[in-house]
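Colleague: Below is a structure I'd like to ask you about.
The values are calculated or read from the model by the stated rules, or taken from the named source; none is laboratory data. Being a predicted model, the structure only gives us computed values, none of them experimental. Glycine gets a Cβ as well: all are built from the backbone with ideal geometry, and neighbour counts include every protein chain shown. Surface accessibility is based on the protein's heavy atoms, side chains included, excluding ligands, DNA and RNA. Shrake-Rupley method; radii C 1.70, N 1.55, O 1.52, S 1.80 Å.
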Amino acid sequence: MKLEGKVAIVTGASRGLGKAIAIGLAGEGAFVTVAARTEKEREGLPGTIYQTAEEIKSLGSRSLPLKCDITKEEEVKQMVLRTIEEFGRIDILVNNAGIAYPSPIWEMSLKRWELVLKVNLTGTFLCTQAVLPLMMEKRKGSIINISSVQATYRAIRPARTGIAYGVSKAGIERLTWGVAAEVGKFNVAVNCVKPRGSIRTE
């Protein structure tokens with residue numbers, strides 16, 4: 001297995017793409033911290049951190065389900081500390097957690113605009129900042145940020161995800177380039193993945 005002995009944190013891992021990534025990493029031998037806010041299923045939103053953790057366990061790997069709001073700096077720091085306490089290291093961070101509001105710009109409230117940017121962009125910043133000292137000290141590590149085709153795609157019809165989502169993903173791409181330039185000398189890789197669609201895993 002390619003990632004045997006490695007430890008990964010995946011945010012937004014209770015469902016969808018994040019869950020698929022977490023399970024995929026575990027399938028390659030990695031231990032995974034399953035980070036998200038969802039501890040109980042809600043109508044229309046199947047999946048929890050515990051369900052993802054159980055699926056990882058069924059693969060013969062280890063996982064740590066952690067409730068974490070990535071917009072809160074202290075919770076992000078605790079996520080990193082708990083991962084180190086449980087597994088002793090962090091090799092991979094996948095910044096996947098994100099939200100969208102499919103609303104035209106003239107109807108979007110300031111509160112929703114700011115929330116999308118806070119979760120998608122600031123959350124990515126906080127998680128990246130929290131793991132970097134350890135990776136830089138060890139002089140190895142990989143950070144993978146999840147972007148979207150909406151970051152750069154110019155369509156005739158409005159995007160179903162709303163403008164704020166695309167703006168936040170464009171910001172993630174710029175953040176990725178900048179952090180990669182800053183930490184490359186520490187042998188830390190920072191990359192961005194741009195999926196073309198969503199994924200259902202239930």
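Colleague: Leaving out same-chain residues fewer than 8 places away, which aspartates and glutamates sit with a Cα under 12 Å from that of LYS67?
Modeller: Within the straight-line cut-off, LYS67 pairs with GLU39, GLU75.
Colleague: Right, another one. When DSSP assigns beta bridges and you keep just the ones with both residues in the chain, what percent turn out antiparallel, to the nearest 5?
Modeller: Antiparallel bridges: around 5 percent, rounded to the nearest 5.
Colleague: Computing the accessible area with a 1.4 Å probe over protein heavy atoms, can you report the carbon and sulfur percentage for the stretch 24-170?
Modeller: Here it works out to 53 percent.
Colleague: How big is the stretch 7-92 along each principal axis, measuring the range of its Cα positions in Å and listing the largest first?
Modeller: 36, 31, 16
Colleague: Taking 0.36 nm per intervening residue step and subtracting the Cα-Cα distance, what contour gain separates GLU137 from ASP69 on full extension?
Modeller: Numbers: separation 68, 0.36 × 68 = 24.48 nm, distance 2.60 nm.
Between GLU137 and ASP69, full extension yields 21.9 nm more.
Colleague: Then there's this: Taking only DSSP H segments of four or more residues, each worth -39500 (n - 2.57), what value at 222 nm results for the chain once the sum is divided by all its residues, to the nearest 500 deg cm²/dmol?
Modeller: Dividing the helical sum by the residues of the chain leaves -13000 deg cm²/dmol.
Colleague: Using only the Cα atoms of the chain, each taken as one equal point scatterer with no solvent, compute I(q) by the Debye sum, divide by I(0), and report log10 of the ratio at q = 0.11, 0.12, 0.14 Å⁻¹.
Modeller: For the chain at q = 0.11, 0.12, 0.14 Å⁻¹, log10 I(q)/I(0) is -0.48, -0.58, -0.79.
Colleague: Right, next: Can you divide the C-alpha Rg of the stretch 71-182 by 2.2 N^0.38 Å and report the result to two decimal places? The partial results should precede the final answer.
Modeller: Details: Rg = 15.7 Å, N = 112, 2.2 N^0.38 = 13.2 Å.
Relative to the rule-of-thumb radius for its length, the stretch 71-182 sits at 1.19.
Colleague: Let's test the formula: R0 of 30 Å, r as the Cβ-Cβ distance of TRP177 and GLU39. What FRET efficiency results, to the nearest 0.05?
Modeller: 0.30
Colleague: Quick one: ranking TYR50, TYR101 by accessible area, 1.4 Å probe, largest first, what do you get? Show your work: numbers first, answer last.
Modeller: Numbers: TYR50 100, TYR101 60 Å².
Per-residue accessible area, sorted high to low, gives TYR50, TYR101.
Colleague: Between ARG89 and ARG160, what length comes free when the chain is fully extended (0.36 nm per residue of separation minus the Cα-Cα distance, one decimal in nm)?
Modeller: 21.7 nm
Colleague: Provide the per residue accessible area, probe 1.4 Å, for the stretch 43-180, rounded to a whole number of square angstrom.
Modeller: 56 Å²
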